[in-house]
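**Q** Before we start, here is the structure in question, set down as structure tokens.
The values are calculated or read from the model by the stated rules, or taken from the named source; none is laboratory data. Worth saying up front: this structure is predicted, and the values here are computed from it rather than measured. We place every Cβ from the backbone using ideal geometry, glycine too, and count neighbours over all the protein chains shown.
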Amino acid sequence: MNEQTLPWDEDALQRMEKMPSFVRNMAKAKIEKAAKEAGESRVTAAFLDANKGKMMG
């Protein structure tokens with residue numbers, strides 16, 4: 001299970017820190033999967049904003 005993770009912008013990481021710690025790892029994995037599927041090379045705050053409804057729904 002050596003799945004490569006995407007780099008994260010500082011703003012996006014700060015948003016992750018606001019999440020409860022018990023969901024952070026699961027949310028990070030889901031966000032990175034969505035970013036990879038969208039062809040993104042990194043996770044940005046703009047990506048989080050644009051996809052918030054899709055990822056949390």
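**Q** For the stretch 1-22, which positions are part of a helix (DSSP H, G or I) and surrounded by 11 or more Cβ atoms within 10 Å (Cβ to Cβ)?
**A** Across the stretch 1-22, the qualifying residues are D11, A12, L13, Q14, R15, M16.
**Q** Going by what's in this entry, would R42 be described as basic (K, R), surrounded by 13 or more Cβ atoms within 10 Å (Cβ to Cβ) and touching a helix residue (DSSP H, G or I) at 6+ places or on another chain (Cβ under 8 Å)?
**A** No; evaluated as a whole, the condition is false for this residue.
**Q** Turning to a different aspect of this structure: Residue under question is A35, and the condition is that it be assigned to a helix (DSSP H, G or I), among the small types (G, A, S), touching a Ser or Thr at 6+ places or on another chain (Cβ under 7 Å) and modelled with pLDDT of 95 or more; does it hold?
**A** Answer is no for this residue.
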